Amino acid sequence: MAIRERKKLEKSLKPHWVWAIAFGSAIGWGAFVLPPDWMSDAGPMGVIIGILLGAALMMVIGVSYGFLIEKFPVTGGEFAYAYIGFGRQFAFVAGWFLTLGYMCIVALNASALSLLAKFLFPDIMAIGTMYTVAGYDVSIMQILVSSLAIIIFGLLNIRGAKFSGNIQFVFAMILITGIVLLGLGAIFTEGPSLSNATPAFKPDQSMIISILTILALAPFAYVGFDNIPQAAEEFNFKPQKAFGLIIWSLLAAGLAYSAMILITASTMPWQDLLGVIDSQNIEWGVGYAIESYMGRLGVFIIAAAVSMGIFTGLNGFMISSSRLTFAMGRARILPNAFRQLHPKYNTPYVGIIFTVLICLIAPWFGREALLWVVDMSSTGVAIAYFFCTATAFKYFAFSEAGKKKNPKAVVSPGRKVFSLLGLLSALGFLVLLLFPPLPSSLGQESYIALGVWILLGIVFYFANQKRYNDISRKDMNYLILEKEEV
């Protein structure tokens, strides 16, 4: 096929669908499963401050995203932005690490669905227990539930972005309704009290360390707003709206996380709650906490809410992972199959199938082993944030004098400062994750998993590097950005 063959995606996504993709992906399963784990690391207020501060930093980073989406409304997101700012080698690095982050979260959402089923139907989900990984019993029923979810959402995504965007918005609305009902239950039933959320921070740890421990997870907690640039080529609206969608999705996600932390911590003294969860080996601490004051009705509500969170995460990251690999295939750094579109639905079906196949491996390793990749995915996302903000920083100028040095720059001192702050935030996240003395740094298993992904990336790169590097700058600009000059 000709080098300049460039297949395009259909413009079918409405603004509220794109907001739902970002919000639903950012929330996913974490808000309904991880509060006890986070509270044990930082205390309720440490988590809330860390989460909201993380949202604020993501908004700072979002300034750069908004500008680049407006200027380059193409699929590929950070892959395209790294190419613009730093060239094709760094573009592959950014794209590969972001693919890692997206696929990890698809797998984690699928594992959360089996955890929910295990809480609701413990006897059924224990059928066919085969082995134990990191203290977690893996059964054939859990593998089937997670695998079926991955396959179903793969098939839904092949049907088209319009269909996926519509159901994403419905899922997001049900999720928000569930959180509101749980909050009203905590307010109007006996038992829950804000006094249960004391002490506010982890007693044997400083307030600053508590907050930083949670802040380090912000790239993982909020990964999802960056699904917006992955869908930019499919907007049926002006790309200038993207920045507002980013801000509103981050604000909604931060409030949803905080609400679930507060609801969980208020059910009973939070340290007692953690003690009960540990002593009784309770699989789903948040579900147990909700059941303590709302009974089975509460379990039904949170089960519906977490199901929607899981579905939005599966759907949103399936969309983004497939679009990212499509963009990399279109640039010829991944095999030709990745740039093929479905003959009927015009979707990047090979990238969807690739995501499904990789993620189908994960359920066989059990939930505890999957948690090892959470920090690893945060690392991949933080690397992508760095390239985006650094590229935006190069495109902004403080004054006309700066524009003379770079004629393509835009004079905007405010956004120049925000892009610099975003760049420093991304570097800060990487330090928190990769500097071993800090309690927020990766565990040994996460480093091993990260190393495996890096080795796999090296194999992919060297298998395709010749044709990737032989393409002229003008042709590569067209393939990635649909314009010959940047």
Among (1) modelled with pLDDT of 85 or more; (2) touching a strand residue (DSSP E or B) at 6+ places or on another chain (Cβ under 7 Å), the one test that CYS388 misses: (2)
Single condition VAL93 does not satisfy, out of (1) touching a Gly at 6+ places or on another chain (Cβ under 9 Å); (2) closer than 23 Å to ALA252 by Cα; (3) surrounded by fewer than 24 Cβ atoms within 10 Å (Cβ to Cβ): (2)
Residue count for region 36-84, restricted to those that are of a type in the set (S, T, N, Q) and either free of Cβ contacts under 8 Å to residues at least 12 places away in the same chain or surrounded by fewer than 22 Cβ atoms within 10 Å (Cβ to Cβ) (or both): 1
GLN280 farther than 26 Å from VAL381 by Cβ, among the polar types (S, T, N, Q) and modelled with pLDDT under 90: yes
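Take LEU255 and decide whether it is in contact (Cβ under 8 Å) with a residue 24 or more places away in the chain and either under 28 Å from the mean Cα position of the chain (by Cα) or buried (at least 18 other Cβ atoms within 10 Å of the Cβ) (or both).
Numbers: in contact (Cβ under 8 Å) with a residue 24 or more places away in the chain: no; either under 28 Å from the mean Cα position of the chain (by Cα) or buried (at least 18 other Cβ atoms within 10 Å of the Cβ) (or both): yes.
In short, no.
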Whichever residue in region 402-427 is more than 18 Å from ALA384 (Cβ to Cβ) and among the hydrophobic types (A, V, I, L, M, F, W, C) and, among such residues, is surrounded by the most Cβ atoms within 10 Å (Cβ to Cβ): ALA409
Of residues in region 127-159 being in contact with a strand residue (DSSP E or B) (Cβ under 6 Å, 6 or more places away or on another chain) and small (Gly, Ala, Ser), the one most open to solvent (accessible area, probe 1.4 Å): GLY128
Verdict on GLY380 being at pLDDT below 90, crowded, with 22+ Cβ neighbours inside 10 Å, within 21 Å of the chain's Cα centre (by Cα) and not β-branched (Val, Ile, Thr): yes
PHE169 vs. criteria assigned to a helix (DSSP H, G or I) and closer than 29 Å to SER322 by Cα: yes
Of the criteria (1) over 27 Å from ALA304 (Cα atoms); (2) open to solvent by 20 Å² or more (accessible area, probe 1.4 Å), which one PRO229 fails: (2)
Residue check, PHE171 among the aromatic types (Phe, Trp, Tyr), within 22 Å of the chain's Cα centre (by Cα), open to solvent by less than 50 Å² (accessible area, probe 1.4 Å) and modelled with pLDDT of 90 or more: yes
Scope region 433-449; condition more than 11 Å from MET376 (Cα to Cα) and without any contact (Cβ under 8 Å) to a residue 60 or more places away in the chain; matching residues: PHE435, PRO436, PRO437
Test for ALA80: is it in a helix (DSSP H, G or I) and within 30 Å of LEU144 (Cβ to Cβ): no
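The values are calculated or read from the model by the stated rules, or taken from the named source; none is laboratory data. All values derive from a computational prediction rather than experimental measurement. So basically every Cβ, Gly included, is an ideal-geometry build from the backbone, and we count neighbours across all protein chains shown. Note: accessible area is taken over every heavy atom of the protein model, side chains too, but ligands, DNA and RNA are not part of it. Shrake-Rupley method; radii C 1.70, N 1.55, O 1.52, S 1.80 Å.
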